[in-house]
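Remarks on the structure that follows.
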Amino acid sequence: MEQRRPVDGYTVFLLVACVALAAIVVALALQNRALKRQLSIAYSEQGGGPPAFKAGDIVTPLTVVADTGEPTTISFGQGESKTVLLVFSSSCHACKDTVPIWRKIFASPLAAGVRVIGVQTDRLDANPAAPVELAASFPFPVYGYKREGNDALAKVPYIPAAILVDPNGVVLKSWVGVPGDDAIGAITQEVK
């Protein structure tokens, strides 16, 4: 006759914890599905998904505000081989996490003709020259966001964003969020 060992407290704890974790995973999966359904309904009511730059899209000239407060137009096709357009906000935590990555990528010499331009979305027209912590930390020009006439920037659904544009304003690639290792490698390869 086989003798049964008594169940110890640790084994009971592990079983309860596994069941609880499984229930949490199921609840999160259901919540995720419901949120995706809500987003798809919202996007379909707006006529599609969120706008986003895709390879092949055209970036029209951008109206931005220089540190002097003067409106400036950033245009493409001026002899540069490529332009990297970085869009960010000083109130965005992900943007703050991206600052050291962008600084590292763009601090060393770039390939001939590549330019990097920052557009800070919370540098408002009312006070475009206000000192902003993130703008001062970059080794490239950063402009304020002039809301009127910037249909191109409406296609940046999430920040931080990096958009690689050819000399004719055609998007080659775009990245949103804090770049992972593969995005860092791709961006670095494109601009070095």
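The values are calculated or read from the model by the stated rules, or taken from the named source; none is laboratory data. If you're wondering where the values come from, they're calculated on a predicted model, not measured in any experiment. Glycine gets a Cβ as well: all are built from the backbone with ideal geometry, and neighbour counts include every protein chain shown.
Scanning for something modelled with pLDDT of 70 or more and not in a helix (DSSP H, G or I), does the stretch 99-109 turn up at least one residue? Among the residues of the stretch 99-109, at least one is modelled with pLDDT of 70 or more and not in a helix (DSSP H, G or I), which makes the answer yes. In the stretch 160-185, the qualifying residues are those that are part of a loop (DSSP other than H, G, I, E, B) and closer than 19 Å to THR121 by Cβ, and the one that is farthest from the chain's Cα centre (by Cα) is PRO179.
Any residue that is assigned by TED's automatic domain parsing to the domain that holds ASP67, modelled with pLDDT of 80 or more and part of a helix (DSSP H, G or I) - is there at least one of those in the stretch 122-133? Among the residues of the stretch 122-133, not one is assigned by TED's automatic domain parsing to the domain that holds ASP67, modelled with pLDDT of 80 or more and part of a helix (DSSP H, G or I), which makes the answer no.
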